[in-house]
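Peer 1: Sending over a structure as structure tokens; questions will come in a sec.
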Amino acid sequence: MADQRELVILSLYPRDMNIYGDRGNLLALTRRARAHGFEPRVVDLNIGDTLPEHVDIVIGGGGQDSGQIRVAADLAGRAAEFQALAEGGTPMLVICGLYQLFGHRFVTTSGSTLQGIGVLDVETRGGDERMIGNVVVDSRDFGEIIGYENHSGYTVLGSGSEPLGTVLQGAGNNPDDGSGGARSGNVLGSYLHGSLLPKNPAISDFLIATAAQRRYDAFEPRAGVDQTAERARAAAKRRPR
Ligand code: GLN
């Protein structure tokens with residue numbers, strides 16, 4: 001359609017960082033972008049690839065520690081580029097393994113330190129306890145965020161990031177302080193798989209609206225209520241931890 005406007009979605013490290021169906025975030029986001037009248041163009045960024053000239057939205061998933069080591073090394077060389085994108089207001093969503101690497105550092109259970117790029121003011125240590133199960137986070141910006149966690153990383157926030165919300169069920173960033181996820185500007189980090197976006201269209205809408213405002217100076221929502229998402233949210237909430 002003539003009025004369809006492009007949005008470039010950068011998918012980070014799909015080869016190494018795509019666990020528990022995180023690729024579903026990309027499917028949900030592109031679908032929702034179309035429903036709002038945009039034409040999404042997905043660009044994969046794997047290790048060694050060149051960043052495209054223009055990026056509207058960045059998303060990335062989780063991975064095994066081995067994948068994280070490879071990715072951390074590649075990401076370190078791009079820290080300035082991602083910091084500039086974040087400072088310019090580009091909306092981003094990073095899950096689990098990439099959430100950890102978008103923070104300052106991830107110290108693994110074996111004691112090695114993976115340097116992060118510090119786009120989020122968070123820091124993570126691998127712990128003895130694995131946090132596994134369904135999670136509900138009460139958030140100011142997105143209502144109830146519903147997903148599934150599986151991590152041993154224990155994440156704490158500094159003053160430069162605010163939690164996405166308060167955990168109602170599950171562990172979230174860690175089992176102790178009740179915080180779930182992190183946000184600095186338009187960059188969101190979360191432990192939640194599931195995948196997250198098919199069950200949380202409010203977050204897709206935030207990414208799309210923010211990108212559209214930045215690129216086209218306007219956003220008029222066109223997508224209606226996602227009934228499938230509503231049913232999935234209700235079913236996930238009924239499930240025990
Ligand atoms: N290795 C990390 C952890 O367990 C990340 C796991 C993930 O991305 N699912 O904390």
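Peer 1: Between a first residue in the stretch 54-67 that is under 14 Å from Leu188 (Cβ atoms) and part of a strand (DSSP E or B) and a second residue that is among the aromatic types (Phe, Trp, Tyr) and within 16 Å of the ligand (Cβ to nearest atom), which pairs have beta carbons less than 9 Å apart while being 6 or more apart in sequence or on different chains?
Peer 2: Gly60/Tyr13; Gly60/Tyr99; Gly60/Phe102
Peer 1: Suppose we keep only residues that are touching a helix residue (DSSP H, G or I) at 6+ places or on another chain (Cβ under 6 Å) and within 13 Å of the ligand (Cβ to nearest atom) within the stretch 109-137. Which one would you say is nearest to Gly60 (Cα to Cα)?
Peer 2: Ranking the qualifying residues of the stretch 109-137, first place goes to Gly116.
Peer 1: Scanning the stretch 89-103 for residues that are in a loop (DSSP other than H, G, I, E, B) and within 15 Å of the ligand (Cβ to nearest atom), which turns out farthest from Gly63 (Cα to Cα)?
Peer 2: Per the criteria, the residue is Gly103.
Peer 1: If you don't mind, there's one more thing I want to ask. Scan the stretch 162-202 residue by residue and report those that are polar (S, T, N, Q), closer than 22 Å to Gly127 by Cα and surrounded by fewer than 23 Cβ atoms within 10 Å (Cβ to Cβ).
Peer 2: Passing the criteria: Thr166, Gln169, Asn174, Ser179.
Peer 1: Among the residues that make up the stretch 111-128, is at least one of them loosely packed, with under 13 Cβ neighbours inside 10 Å, over 15 Å from the mean Cα position of the chain (by Cα) and within 21 Å of His193 (Cα to Cα)? Spell out how you get there, then give the answer.
Peer 2: If we filter the stretch 111-128 for residues that are loosely packed, with under 13 Cβ neighbours inside 10 Å, which is where we start, we get 111-113, 128.
When the remaining residues are screened for being over 15 Å from the mean Cα position of the chain (by Cα), the result is 111-113, 128.
Checking which are within 21 Å of His193 (Cα to Cα) leaves us with 128.
Checked against the condition, which is being loosely packed, with under 13 Cβ neighbours inside 10 Å, over 15 Å from the mean Cα position of the chain (by Cα) and within 21 Å of His193 (Cα to Cα), the stretch 111-128 yields at least one hit.
Peer 1: So how many residues does the stretch 203-241 have that are under 18 Å from Gly89 (Cβ atoms) and surrounded by 13 or more Cβ atoms within 10 Å (Cβ to Cβ)?
Peer 2: 15
Peer 1: Quick check on Leu7: is it touching a residue at least 24 places away in the same chain (Cβ under 8 Å) and within 16 Å of the ligand (Cβ to nearest atom)?
Peer 2: No; evaluated as a whole, the condition is false for this residue.
Peer 1: Please pick out the residue among Val107, Val94 that is modelled with pLDDT of 95 or more and within 16 Å of Asn18 (Cα to Cα).
Peer 2: Val94 is the lone residue from the list that is modelled with pLDDT of 95 or more and within 16 Å of Asn18 (Cα to Cα).
Peer 1: Does Arg34 satisfy the condition of being part of a loop (DSSP other than H, G, I, E, B), of a type in the set (Lys, Arg) and either exposed (fewer than 15 other Cβ atoms within 10 Å of the Cβ) or out of contact with any helix residue (DSSP H, G or I) (no Cβ under 9 Å at 6 or more places or on another chain) (or both)? Steps first, please.
Peer 2: Values: part of a loop (DSSP other than H, G, I, E, B): no; of a type in the set (Lys, Arg): yes; either exposed (fewer than 15 other Cβ atoms within 10 Å of the Cβ) or out of contact with any helix residue (DSSP H, G or I) (no Cβ under 9 Å at 6 or more places or on another chain) (or both): yes.
No.
Peer 1: Which residue out of Gly178, Gly172, Gly158 is in contact (Cβ under 8 Å) with a residue 12 or more places away in the chain, within 16 Å of the ligand (Cβ to nearest atom) and either out of contact with any Pro (no Cβ under 7 Å at 6 or more places or on another chain) or of a type in the set (Val, Ile, Thr) (or both)? Spell out the reasoning first.
Peer 2: Working: Gly178 fails: within 16 Å of the ligand (Cβ to nearest atom); Gly158 fails: within 16 Å of the ligand (Cβ to nearest atom).
Selected residue: Gly172, the only one of Gly178, Gly172, Gly158 that is in contact (Cβ under 8 Å) with a residue 12 or more places away in the chain, within 16 Å of the ligand (Cβ to nearest atom) and either out of contact with any Pro (no Cβ under 7 Å at 6 or more places or on another chain) or of a type in the set (Val, Ile, Thr) (or both).
Peer 1: Ok, one more. Suppose the filter is of a type outside the set (D, E, K, R), over 19 Å from Leu207 (Cα atoms), at pLDDT below 95 and within 16 Å of the ligand (Cβ to nearest atom); does Gly67 pass it?
Peer 2: Working: of a type outside the set (D, E, K, R): yes; over 19 Å from Leu207 (Cα atoms): yes; at pLDDT below 95: yes; within 16 Å of the ligand (Cβ to nearest atom): yes.
Considered against the rule, which asks whether it is of a type outside the set (D, E, K, R), over 19 Å from Leu207 (Cα atoms), at pLDDT below 95 and within 16 Å of the ligand (Cβ to nearest atom), Gly67 comes out as yes.
Peer 1: Additional query: Quick check, is His54 away from the ligand (no atom under 16 Å from the Cβ) and either at pLDDT 95 or above or among the charged types (D, E, K, R) (or both)?
Peer 2: Working: away from the ligand (no atom under 16 Å from the Cβ): yes; either at pLDDT 95 or above or among the charged types (D, E, K, R) (or both): yes.
So His54 passes the test.
Peer 1: Residues that are assigned to a loop (DSSP other than H, G, I, E, B) and β-branched (Val, Ile, Thr): does the stretch 219-226 have at least one?
Peer 2: Yes, because at least one residue in the stretch 219-226 is assigned to a loop (DSSP other than H, G, I, E, B) and β-branched (Val, Ile, Thr).
Peer 1: Does Gly116 count as farther than 23 Å from Ser204 by Cα and modelled with pLDDT under 95?
Peer 2: no
Peer 1: Filter the stretch 54-64 down to the residues that are crowded, with 17+ Cβ neighbours inside 10 Å and farther than 20 Å from Gly194 by Cβ and list them by number.
Peer 2: If the condition is that a residue be crowded, with 17+ Cβ neighbours inside 10 Å and farther than 20 Å from Gly194 by Cβ, then Val55, Asp56 are the ones that fit.
The values are calculated or read from the model by the stated rules, or taken from the named source; none is laboratory data. Everything numeric in this text was worked out from a predicted model, so none of it was measured. Note that we place each Cβ from the backbone using ideal geometry, even for glycine, and neighbour counts take in every protein chain shown.
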